[in-house]
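The values are calculated or read from the model by the stated rules, or taken from the named source; none is laboratory data. Keep in mind that this is a model prediction, so the values were computed, not measured. Cβ sites come from the backbone with ideal geometry, for glycine too, and all protein chains shown count toward neighbours. Note: accessible area is taken over every heavy atom of the protein model, side chains too, but ligands, DNA and RNA are not part of it. Shrake-Rupley method; radii C 1.70, N 1.55, O 1.52, S 1.80 Å.
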Amino acid sequence: DGGITQSPKYLFRKEGQNVTLSCEQNLNHDAMYWYRQDPGQGLRLIYYSQIVNDFQKGDIAEGYSVSREKKESFPLTVTSAQKNPTAFYLCASSMYLAGNEQFFGPGTRLTVL
Amino acid sequence: GEDVEQSLFLSVREGDSSVINCTYTDSSSTYLYWYKQEPGAGLQLLTYIFSNMDMKQDQRLTVLLNKKDKHLSLRIADTQTGDSAIYFCAESIPGNTGKLIFGQGTTLQVKP
């Protein structure tokens, strides 16, 4: 059954800690994305990756980092430098980088205590 | 600049048609998408339309695109309570980023 999984579903973090959100896909898609969603707002792009070992900053990359060591996996680290990290984080993938529909995972809700 | 605008809320009665509207600013958009988000879940792709099309129909869903006015709409026929969700329109920007620009989302409330 192909799809995108994200874990954990809920994550709590103390201020000053780094946390890593997992995103895995078995759709054989080349491109992967991380978005942040805040209440009453659309999705904003954090980072994207076209291919293994390559990734680019999106619109709001400050305070975040990613890696793409495997085609299936695109973890996102929320660092202590991110000033307002409480949000809903969504991972997506698409067959190619441009002009192709993106499929989304179920999301991770991060709360900073 | 790149901007996508949607009204924030729509309430309809079960069985009525729903029309969710969206305006965008980038005339070079290639594809326009409609996504559905249920509470606490990810986004589900409902349908999309290529920018050289005027209309696309898929079962209860009809997408209309007015490229001159940069206006996109999603009509849901015979709206059901299970259609209650947030609906996002998004446009894809040409180039090699694969970036989607999302609207703020329209919350659709379906009353029995």
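When a 1.4 Å probe is rolled over the protein heavy atoms, the share of accessible surface on chain B that falls to carbon and sulfur comes to 49 percent. Each Cα pair under 8 Å and six or more residues apart adds its separation to the average, and for chain B the resulting relative contact order is 37 percent. Accessible surface for region A:10-96, divided over its residues, is 49 Å² per residue with a 1.4 Å probe.
For the chain pair A and B, the interface hides roughly 1600 square angstrom of accessible area in total, found with a 1.4 Å probe. Summary value for chain A: 35 percent relative contact order, contacts being C-alpha pairs under 8 angstrom separated by 6+ residues. Can you give the alpha-carbon Rg of chain A over 2.2 N^0.38 Å, where N counts its residues? Rounded to two decimals, the normalised Rg is 0.99. Inter-chain neighbour count for A:75-81: the average number of beta-carbon atoms from partner chains within 10 Å of each residue's beta-carbon is 0. Rolling a 1.4 Å probe over the protein heavy atoms of chain A, with every protein chain left in place, gives an accessible area that is 48 percent carbon and sulfur. Of all alpha-carbon pairs in chain B, indicate the percentage at a distance above 21 angstrom. Taking all Cα-Cα pairs of chain B, the fraction more than 21 Å apart is 32 percent. Shown here are the Rg and Dmax of the Cα trace of the protein assembly as shown, at 17.5, 51 Å. Please label the shape of region A:26-79 as rounded, prolate or oblate, based on the square roots a ≥ b ≥ c of the eigenvalues of the alpha-carbon gyration tensor (a/c under 1.5 means rounded; beyond that, a/b larger than b/c means prolate, else oblate). Here region A:26-79 falls in the prolate category.
Bridgeable lysines around B:Lys67 (alpha carbons under 22 Å apart, same-chain partners fewer than 8 residues away excluded): B:Lys56, B:Lys99. Can you list the residues in region A:39-68 whose accessible area drops by at least 20 Å² when all protein chains are present, compared with the chain alone? Use a 1.4 Å probe, heavy atoms only. Flagged in region A:39-68: A:Gly40, A:Gly42, A:Leu43, A:Leu45, A:Tyr48, A:Asp59.
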